[in-house]
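> The structure follows.
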């Protein structure tokens, strides 16, 4: 399936949701009486647009969940800004927060754990509609919930079922219906297919694409699965140890990666590449000494040289495309051979 080129973003309206140079640190205990500060996200800027999918990828511990928490208004950044419709969220009043909660919804990784086991599926979807002003009665809410289930290609009779009585695929479709109950503009997708088999995964991807085309939804997708990212994403951001190391239109990043970390992640997803030693990383994800300003991948990268110990900035390498690597152009040439 052909996805829209990220260069078309310049002709669009302003983003619905964006992070502007956000940073976030956490205090963790090193012993019973001492603590250390861990920088989870450093200087990250991303944008989510209606009708488009922003994908955020990286290993566990790279900072994508913390970034997601900030975009959802659940985590307050130490520095930088989170903006919704151009307004800074740290200056929101009550009415602004209500509009935000209605307009930005989430689909969770584990569909069973995301539902209240004491409520029927219909009850959970109807409960989400409390943020709307056009459905005053329970009857109207349940009628709207039945319509949503049918839109998800599910029998409306499932409204009376409890979560434990449904399959994982049915529950994930119901969780999408619940997210759409408030008529959102952006839906945050946290590994939406990881609990499903291949058939269920295909159904969810097709459903999400259909809904985006029909309703103009924006998606923020957090995933380890590059097969899912390739199907859904318009724009891809790759994170490592709190920093963005590569970003750009999905086709460019996935087909012509220029950062060794992106190449290694893709190689892990495609076994014919994983056999080539140049696409492998050495060791495991680990923190570097405090104050280190060079490339954070330096200890694991097969392309590392002395220049990599110098501070690395995101450099523009093409339309909408940026890479944080001193040897990006050399690596791109090597890759093409």
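The values are calculated or read from the model by the stated rules, or taken from the named source; none is laboratory data. This one's a predicted model, so the numbers in the text were calculated from it and none came from an experiment. Note: ideal-geometry Cβ built from the backbone for every residue, glycine included; neighbour counts use all protein chains shown.
> Tell me the residue from 57, 40 that is farther than 17 Å from residue 229 by Cβ and surrounded by 18 or more Cβ atoms within 10 Å (Cβ to Cβ), please.
40
> To continue, here is another question. Does residue 195 fit the bill of being on the phi < 0 side of the Ramachandran plot and assigned by TED's automatic domain parsing to the domain that holds residue 170?
yes
> Can you tell me which condition residue 153 does not meet? The list is (1) part of a loop (DSSP other than H, G, I, E, B); (2) within 14 Å of residue 104 (Cα to Cα), and all the others hold.
All conditions are met except number (2).
This table checks each residue for (1) surrounded by 15 or more Cβ atoms within 10 Å (Cβ to Cβ); (2) over 19 Å from residue 208 (Cβ atoms); (3) in contact with a helix residue (DSSP H, G or I) (Cβ under 8 Å, 6 or more places away or on another chain).
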site: 100; (1), (2), (3): yes, yes, yes
site: 108; (1), (2), (3): yes, no, yes
site: 118; (1), (2), (3): no, yes, no
site: 126; (1), (2), (3): yes, yes, yes
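> What number of residues in segment 212-233 are under 22 Å from residue 183 (Cα atoms) and either touching a helix residue (DSSP H, G or I) at 6+ places or on another chain (Cβ under 7 Å) or without any contact (Cβ under 8 Å) to a residue 60 or more places away in the chain (or both)?
10
> Here is a further query. So which residues in segment 241-260 are under 11 Å from residue 325 (Cβ atoms) and within 18 Å of the chain's Cα centre (by Cα)?
245, 246
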